[in-house]
Every structure is written in C-alpha cells, then in structure tokens.
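Each remark here refers to the structure printed beneath this line.
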Amino acid sequence: MNDPDRHNAENQNLVAACGLYCGACGIYIATQANDTHKILQYAMLLKQSYEETLCDGCAAERKSLYCSKMCTFIDCKKSKAVDLCADCNEFPCQALLEFKSKMPHRIEIIESQYRMKETGVENWLVEMKQHFSCPQCNTVNSAYHLTCRKCGNMPSCNFVLEHDHEIRQYLSE
Ligand code: SF4
Ligand code: SF4
Ligand SMILES: [Zn+2]
C-alpha cells in the first residue's frame, strides 16, 4: 500500500519492548517536531542532556537515555528468546504489571502485547496511530494531551477518552 500515513504508522521503531506505542510518547513527539522548549523540559525532568533526551522510538538508533537505561524488557525478551512478551510463558510477568501500574500512559501495555500477537505488529501500529489521533484533525497526541495539541479538540484522541479519569488523577498528583 502506498498511503503515506500507513507507511508512517508502520514505522517499526515505534514498537516499544514493553508494549507502549512510541508514536504517542511526548518525547518522541517533541523530537520529531523539533520542539526545543519541550525537549529541554523533558531533559530537566529526566536529569539528562538535551542530546541524550532526543528519541526516534524504542527500536531506533537515536533513543532517549532514560529509556535505554531503565528498560529491562529488551534484555529479558532476548534471554527468553521471544519477540513478543505475549509469547513468553511468564506473560504477563510481575515486572510488566508493576511497570504498567506506575503511569496511566502504560495502562494498555498488556492488551497491546496480546493484540500484537493476534493481529501482527504492523496492523497494531496502524491501530495505535488511529487510537492516539485527534478525531478532528488527525494529529497524533500523547496520553497527556487532554486536548489536541494542534486544534484543541477535547478529548485529543480515543486513548484519552477511554482513560480520562486515570490521566486526570495522575496529572493532579
Ligand atoms: S522515550 Fe522511550 S517511550 Fe518515548 S519514544 Fe523513546 S523509547 Fe519510546
Ligand atoms: S513477559 Fe517474559 S519476556 Fe516479557 S518481560 Fe516478562 S519475563 Fe521478560
Ligand atoms: Zn486536533
């Protein structure tokens, strides 16, 4: 298929080892938009340099230091010889469940792993792009954009619509 949207959505770098969709990560979005102000904010929050913060996705060469340092899932999957956690006989393991419970943008990582196994990674990427896209203008938003970062539509996407309560509670803490 030659649809450029579909091609972008199928960027395999955006499949995070844990089951997150990197296309909806605030750091990824800021990097791709060359949003220097936001990148600096993330750099300060994560206590790393501007350069170390830039990210093109979990499987990309340029990856945010924070995710490279803290992620245990890539090595774990290698040691279990699985491409997807859903193929592991410990799935969903305690480490994944704990990771999921800490922040609302991780709420769907277990079902995402099941979905990748069921429909294939490429289809899942297309679905995720849709899931995080603004219903008005199609801009991909992060879980923490309650309103669309481009047109201001609320909710910014289906993910935010479904998890509005958890996201608002987390942002108010
Ligand atoms: S910072 Fe982490 S979650 Fe965000 S795009 Fe990079 S690897 Fe993915
Ligand atoms: S599900 Fe299996 S491969 Fe994935 S992180 Fe847990 S133990 Fe490792
Ligand atoms: Zn919009």
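Observations
- The set of residues in the stretch 63-82 being in contact (Cβ under 8 Å) with a residue 24 or more places away in the chain and outside any helix (DSSP H, G or I) consists of SER64, CYS71.
- Residue match in the stretch 126-143 (condition: closer than 14 Å to VAL15 by Cα and surrounded by fewer than 20 Cβ atoms within 10 Å (Cβ to Cβ)): yes
- Residue in the stretch 95-104 that is under 13 Å from the mean Cα position of the chain (by Cα), part of a loop (DSSP other than H, G, I, E, B) and under 20 Å from LYS38 (Cα atoms) present: yes
- Checklist (1) more than 8 Å from ligand 1 (Cβ to nearest atom); (2) modelled with pLDDT of 95 or more; (3) crowded, with 16+ Cβ neighbours inside 10 Å applied to HIS37, failing item: (3)
- Boolean, GLU90 is farther than 24 Å from ALA43 by Cα and either within 14 Å of ligand 2 (Cβ to nearest atom) or at pLDDT below 95 (or both): yes
- Selection count, the stretch 84-94, where residues are surrounded by 15 or more Cβ atoms within 10 Å (Cβ to Cβ) and free of Cβ contacts under 8 Å to residues at least 60 places away in the same chain: 6
- Per the listing ASP164, ASP83, the residue uniquely charged (D, E, K, R) and not assigned by TED's automatic domain parsing to the domain that holds VAL15 is ASP164.
- Complete set of residues in the stretch 40-51 that are surrounded by fewer than 18 Cβ atoms within 10 Å (Cβ to Cβ) and not in a loop (DSSP other than H, G, I, E, B): LEU40, GLN41, MET44, LEU45, LEU46, TYR50, GLU51
- Meets criteria (touching a Pro at 6+ places or on another chain (Cβ under 8 Å) and hydrophobic (A, V, I, L, M, F, W, C)) for LEU161: yes
The values are calculated or read from the model by the stated rules, or taken from the named source; none is laboratory data. Keep in mind that what you see is a predicted model, and the values were worked out from it rather than measured. Note: ideal-geometry Cβ built from the backbone for every residue, glycine included; neighbour counts use all protein chains shown.
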